[in-house]
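The values are calculated or read from the model by the stated rules, or taken from the named source; none is laboratory data. Note that the structure is predicted; figures quoted are calculated from it, not measured. Don't worry about glycine lacking a Cβ; one is built from the backbone with ideal geometry, like all the others, and counts go over all protein chains shown. When the accessible area is computed, the model is the full protein with side chains, heavy atoms only, and any ligands, DNA or RNA have been set aside. Shrake-Rupley method; radii C 1.70, N 1.55, O 1.52, S 1.80 Å.
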Amino acid sequence: MKVLIHQTQTTAADCVAGLFADRLTQTPDTVLGLATGGTMEAVYERLIARHQDGTVSFNQAQSFNLDEYVGLTPDHPCSYWHYMREKLFNHVDLDPDRTFLPHGDAPDSEAEAARYEAAIVDAGDIGLQLLGLGANGHIGFNEPTSSLASHTRIKTLTRSTRQANARYFDAFADVPRLAITMGIGTIMRADEIVLLAFGAGKADVVAQMIEGPVSAACPASILQMHRKVTVVLDEAAASGLALRAYYEEVHPEVRDPAI
Ligand code: F6R
């Protein structure tokens, strides 16, 4: 695991956008794995800016999002389809026919999950997967105790996840209880993974993910078993790491780009 500790959220988000842009430049037809949530907004803002200044094109790429709430139509304002259109798709040159999310309103959610997993396999699996981190250690909506080998399926959201996401809904009761999410096994097949976490509220779980045991109790800890993961943090999110000084020594260029 490469652990990059930035002084600010701004430089951390710049770093993730830069990694994305570099990948698209080197491999324009990359299959992108995309995430939603508050943390990703800063990344998408930067990717849009890079697209507008002509330094990034998505026109040969395709994308698969991690997850969608069961029961929400793609035009529901709280759906992840809606989020992605607003935060990224409407502003860049990704082909709408090559941007994929699970359909939360499919009549048979389990069949939809199986179809989505098969579509990812057909696309050759994810080339570059972007991840946020839940305060309970989830990646996608793989809540604690999720099978570390799971494929795309229905998961019941924890109360803490529903509470964390209630800010997007009118009321807590409106937050769906179920989601379709890529599985942990699906995510682990990605060629490369970049995880971004901000803030003191994530410090404990960041430490568990990087330095704790690999355990379904903290699903993100499975990333210790992946060959190519970059974890990008701001100082607050890194504040619980026992080996922080070591990570900073390994990557001095993060603090001083002149190195
Ligand atoms: C969203 C997703 C989630 C979020 C995580 C962090 O597609 O897969 O795992 O990345 O819940 O969300 P924020 O960034 O809002 O703290």
For region 152-231, dividing by residue count, accessible area per residue (probe 1.4 Å) in Å² works out to 42
Quick shape check on region 100-252: root eigenvalues a ≥ b ≥ c of the Cα gyration tensor, a/c under 1.5 is rounded, otherwise prolate if a/b tops b/c, else oblate, and it reads oblate
Between the alpha carbon centres of region 244-259 and region 54-83 the gap in Å comes to 34
A convex hull over the alpha carbons of the chain yields, per residue, a volume in Å³ of 118
Taking 0.36 nm per residue of separation between ALA242 and ASN59 and subtracting their Cα-Cα distance, the length gained on full extension comes to 61.7 nm
With every protein chain kept in place and a 1.4 Å probe, region 1-140 has an accessible area per residue in Å² of 40
In whole percent, the fraction of accessible protein surface over region 1-158 that belongs to carbon or sulfur atoms, probe radius 1.4 Å, stands at 49
Honestly region 56-129 on the Cα gyration tensor test (a ≥ b ≥ c root eigenvalues; a/c under 1.5 rounded, otherwise a/b vs b/c for prolate or oblate) is just oblate
Highest mean packing first, using Cβ neighbours within 10 angstrom, the peptides 49-62, 246-259, 133-146 sort as 133-146, 49-62, 246-259
